[in-house]
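The values are calculated or read from the model by the stated rules, or taken from the named source; none is laboratory data. Keep in mind it's a predicted model, so treat the numbers as computed, not measured. Counting neighbours? That spans all protein chains shown, and the Cβs are built from the backbone with ideal geometry, glycine included. Surface accessibility is based on the protein's heavy atoms, side chains included, excluding ligands, DNA and RNA. Shrake-Rupley method; radii C 1.70, N 1.55, O 1.52, S 1.80 Å.
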Amino acid sequence: MTLALDRRSLLRVSAYAGGMMLTVGGAAARAAQGDAAAAAQDLGLYVQIRPDNTILIRTATTEIGQGTLTSVPMLIAEELDADWSRVETEMMTPQLKSTDTGGMPEGVFAQGAGGSRAIMTSWTPARKVGAIARAMLVAEAAARWKVKPDTLETESGWVVDAARDRRIAYGELAAGAAVRALPDGEIALKDPADFRIVGQPQKQKNTLAIVTGKPMFGIDHKMEGMLHAVVLRPPQVGAQVASVDDSAAKAMKGVHSVVRLPDQTPGQVWGYDPIGAGVAVVATSHWAALKARDALAVEWTDPPTAENSADMVAEAEAKLAGGEGLKVQEVGDVDAAFANAAKVVKARYQAPLVAHATLEPQNTIAHVTAEKATIITPSQQPGSCARTVAAITGLPLEKIDVTMTRSGGGFGRRLATDQVAEAVYIAKAVDRPVKLLWTRECDMRTDFYRNGGVHLMEAALDADNRVIGWKHGVASHSINYRRSEDQSIEALSSREVPTEDAPGVLVPNRRYDFMPIYSAVARGWWRAPRANIFGWAEQAFVDELAEAAGEDPLAFRLKLLEGEGSYGDGRDQYTLARLSGVLRHVGEKAAWKGPEAGGGKARGIAGHFSFGSYVAHVVDVTVTEGGAFSVDRVVSAIDCGVAVNPNGIAMQNEGSINDALSTARELEITLTNGAVDQTNFDSYQVMRMIGAATRIETHIVPSTEAPSGMGEPALPPFAPALTNALYAATGKRIRQLPIGTQLA
Amino acid sequence: MAYSFTINDRQVTAEEGDMPLLWFLREEMDLVGTKFGCGIGSCGACTVLIDGEPTRSCVMPVEAVDGAAVTTIEGLAKNGELHPVQQAWIEEDVPQCGYCQTGQIMATIGLLKYTPDPSETEVREQLNNFCRCGTYARLMKGVKRAAELTKAAGEAGEKA
Ligand code: FES
Ligand code: FES
């Protein structure tokens, strides 16, 4: 039995293990098209109602710490009227079929995790799944009792016949419900006012397994007969293997083999996540492999460049400032606006490359034979993993089995599949299952770094302090570097320049320019990509404008954001009303009366929209002698539409704030003579409790808009609220990150 | 030469003295709740108790624990009852990705041993494992709740 859930996705219901099972996605779609063979391989299990009244819900989103293994099932459980305490959640098994191209088959849920999209894309279809299951359970109860379905109600795992004072548990109805016809027509969804699970703060599922140390992360898995691999990399980015003397390494106990990893040009084999050259040691244990790695004698070639990161930034910035950049956009008469300005404010902001540094280092278990490939990996994109394996092995996608696991942090790092590619090459070479585990040094120096950049900003204010002219030049390590054949400056400029962000987009005369910063390192998506710097540069600069105007930072922002307009790139669209709404809300909740500077203490404010949600923070700091500072309190206002799990939203806000604080305070990746200077957590010092923000108040703006995600949007506005507070406290503008010792 | 010690009250022997305890636990004993994060004693993800003291197992060779009693996260719950620190972590909903949390729990047990009723400043200064997900606000609450639960368990134990 199948039913269309939306344009592309179908739902299938079947009897299973004495209960009822609902599946959604490509397999169900193929069944509807009469392709039984393809449908036999289910894309995955979504909802299983068991005879013992427990319910298993599997989601297609990968859990990387963002809480979707709780929030997405909440949507299904809500419409199902399940007993939430008896709902278990798991991740779905991803499977790709050879006919699938591009992304995963477009099902109800996007498989993987990225862009804070899970809640947004699941909102309607997930609720429909729950509502359909509920309708079928009700129909089964009605048939048994010989009453009309619309005389029955449901309540927390029961179908209730209130008039006759009787009820039946879902578990008892499930098997019978599973063989009933699917409901006709559009399924009615609840009025949000009737929600009992959604909108209530719910704890994360699976915490018990975490605190008891159950195997659940990629690194915890194993395969029968598995060997262990580690990789030696060149110190300089882009160097290749010149020669290998592995005689000493091979003579060591437990060593199975030494594998030279092919040099990869991005785009050559499986897409655009390059792996650097390396030499892998395969042994019977991780420790044996590590010791043998140290016994390798490898000569590396000189890399094409041996860059110093600061020089690369300076070179690009000089070109940008000298007018050699690409003009990305010009609106109105910018020159006239600046010529007529009462005041001109100019500032230069700079942010560095940073690493993802997921606490669980990259790892993959791979077993490759002539017939099939089996992969276990913590990934944000199982579909890309499968396609990577297909490209390297030549196996059809249906012969590739990828198991997604929980990830020890993602932050965008696990959108790349380089570690999967590497494991597959090694597994192919040794013809045994292999667990590749990167050391921290390997992980730190082989990242897709958050791109850094320089922002040259200029604003023209008229006599009434209205912003009439805006110039914004960006020199950045473009994320598009080596991600397509087209490496023109136009291609590299794509999305590197915030032409849609307020307040710039609201200024009648504005101009944006771009210049790429050269570097040989790979770049990628890092929590709130691009917004994590745009938000800082813009919201810090706006504070400078407020000062020039002699106005309060909050009042000035609200004046800039007046109006009803809607802006954005189509994918992520925002309204001025909601953006000013979070600023107003945070102002009220924090009792904002200006920066209140005195005695080393002060407050700062900032608000930003990104990835679907609006967040504003007020940050209270204390700066002590010697330039050390503490974040004493953070008050946040969030508008993410309907708040599905207020507890999950607060957790993401708290985590994003501390991620932003850690990064702004201390973190940067630099290169000297072509080598990444940071190698482990001694030289890349992720913040600990001693520097953390622990008093955080999360206020959610009540909303009936469709929900949007919170994995990323709370991060961009934190750094500017912090540096604005530090300025108020010390008179020193932080225009370059990390803050480091600038306040000393 | 063989080294013998206990892990969660079970007697074990190890052959390779230079192998870090972390890898012995994970690969030889299948106790994977103890995590690898850095291998240089920095992050704390690999924290276990050695004779009751929180220790970073990635830099502790097996030969150095000869004759010692090692406790890992898997050995904390007794008779199906969670350790108060584990219980507190559930009540305060501390973990996000969860990867650092077993180490945080072991470190907290050590913290509470010497500072049973820690102030916020003491928690800041003494809890030295980092959390990449930034769960510090909940870690602070978790430690405080754990202190309460540990105290309550101690009092109940005295009465019994
Ligand atoms: S893995 Fe031992 S301290 Fe990081
Ligand atoms: S919860 Fe993810 S590292 Fe701490």
Legend entry - Of residues in the range A:309-327 being of a type in the set (A, V, I, L, M, F, W, C) and touching an Asp or Glu at 6+ places or on another chain (Cβ under 9 Å), the one most open to solvent (accessible area, probe 1.4 Å): A:Ala318
Inset, instruction - Output the residue which, of all residues in the range B:102-131 that are more than 8 Å from every other protein chain (Cβ to nearest Cβ) and among the charged types (D, E, K, R), is nearest to B:Val32 (Cα to Cα). - result: B:Lys113
Legend entry - Single residue of the range B:32-59 satisfying the filter (more than 10 Å from the chain's Cα centre (by Cα) and surrounded by fewer than 21 Cβ atoms within 10 Å (Cβ to Cβ)) that is farthest from A:Ser683 (Cα to Cα): B:Asp51
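Every residue, every condition in (1) outside the structural domain of A:Ala427 (by TED's automatic domain parsing); (2) hydrophobic (A, V, I, L, M, F, W, C), yes or no:
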position	(1), (2)
A:Trp158	yes, yes
A:Glu172	yes, no
A:Ala175	yes, yes
A:Lys222	no, no
A:His228	no, no
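Okay, residues lined up against (1) more than 14 Å from B:Ala107 (Cβ to Cβ); (2) within 16 Å of ligand 2 (Cβ to nearest atom):
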{"position": "B:Glu16", "(1), (2)": "yes, no"}
{"position": "B:Pro20", "(1), (2)": "yes, no"}
{"position": "B:Phe36", "(1), (2)": "yes, yes"}
{"position": "B:Gly75", "(1), (2)": "yes, no"}
{"position": "B:His83", "(1), (2)": "no, no"}
Inset, instruction - Among the residues of the range A:385-395, write down those that are under 28 Å from the mean Cα position of the chain (by Cα) and among the polar types (S, T, N, Q). - result: A:Thr388
Inset, instruction - Kindly check whether there is at least one residue in the range B:120-133 that is part of a helix (DSSP H, G or I), within 13 Å of ligand 2 (Cβ to nearest atom) and either open to solvent by 40 Å² or more (accessible area, probe 1.4 Å) or over 20 Å from A:Gly711 (Cβ atoms) (or both). - result: no
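For A:Thr663, state whether it is open to solvent by 10 Å² or more (accessible area, probe 1.4 Å), within 24 Å of A:Ala522 (Cβ to Cβ) and modelled with pLDDT of 95 or more.
Yes, satisfied.
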Inset, instruction - Confirm whether B:Gln101 is away from ligand 2 (no atom under 16 Å from the Cβ) and on the phi < 0 side of the Ramachandran plot. - result: no
Inset, instruction - Go through (1) surrounded by fewer than 17 Cβ atoms within 10 Å (Cβ to Cβ); (2) away from chain B (no Cβ under 14 Å); (3) not in a loop (DSSP other than H, G, I, E, B) and name the single condition A:Ala177 misses. - result: (1)
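Okay, residues lined up against (1) within 16 Å of ligand 1 (Cβ to nearest atom); (2) assigned to a loop (DSSP other than H, G, I, E, B); (3) at negative phi:
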residue: A:Gln685; (1), (2), (3): yes, yes, yes
residue: A:Ile690; (1), (2), (3): no, no, yes
residue: A:Thr694; (1), (2), (3): no, yes, yes
residue: A:His699; (1), (2), (3): no, no, yes
residue: A:Thr704; (1), (2), (3): no, yes, yes
residue: A:Pro720; (1), (2), (3): no, no, yes
residue: A:Ala728; (1), (2), (3): no, no, yes
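Yes or no, residue by residue, for (1) within 30 Å of A:Pro303 (Cα to Cα); (2) open to solvent by less than 30 Å² (accessible area, probe 1.4 Å); (3) within 14 Å of another protein chain (Cβ to nearest Cβ):
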| position | (1), (2), (3) |
| --- | --- |
| A:Ser630 | no, no, yes |
| A:Asn658 | no, yes, yes |
| A:Thr672 | yes, no, no |
| A:Phe681 | yes, yes, yes |
| A:Arg688 | no, no, yes |
| A:Ala693 | no, yes, yes |
| A:His699 | no, no, no |
| A:Tyr727 | no, no, no |
| A:Ile734 | no, yes, no |
Legend entry - Hits in the range A:208-225 (condition: more than 9 Å from every other protein chain (Cβ to nearest Cβ), buried (at least 18 other Cβ atoms within 10 Å of the Cβ) and more than 15 Å from A:Met91 (Cα to Cα)): none
Inset, instruction - Kindly establish whether B:Ala2 is in contact with a Leu (Cβ under 9 Å, 6 or more places away or on another chain) and among the small types (Gly, Ala, Ser). - result: no
Inset, instruction - Within the range B:104-116, identify whether any single residue is more than 16 Å from ligand 2 (Cβ to nearest atom), open to solvent by 50 Å² or more (accessible area, probe 1.4 Å) and over 14 Å from the mean Cα position of the chain (by Cα), and answer yes or no. - result: yes
Inset, instruction - Identify, by number, the condition in (1) open to solvent by less than 10 Å² (accessible area, probe 1.4 Å); (2) over 30 Å from A:Asn509 (Cβ atoms); (3) under 18 Å from the mean Cα position of the chain (by Cα) that A:Arg440 doesn't meet. - result: (3)
Inset, instruction - Report, by residue number, each residue of the range B:134-144 that is facing chain A (nearest Cβ under 8 Å), touching a residue at least 12 places away in the same chain (Cβ under 8 Å) and either in contact with a Pro (Cβ under 6 Å, 6 or more places away or on another chain) or not in a loop (DSSP other than H, G, I, E, B) (or both). - result: B:Arg138, B:Leu139, B:Met140
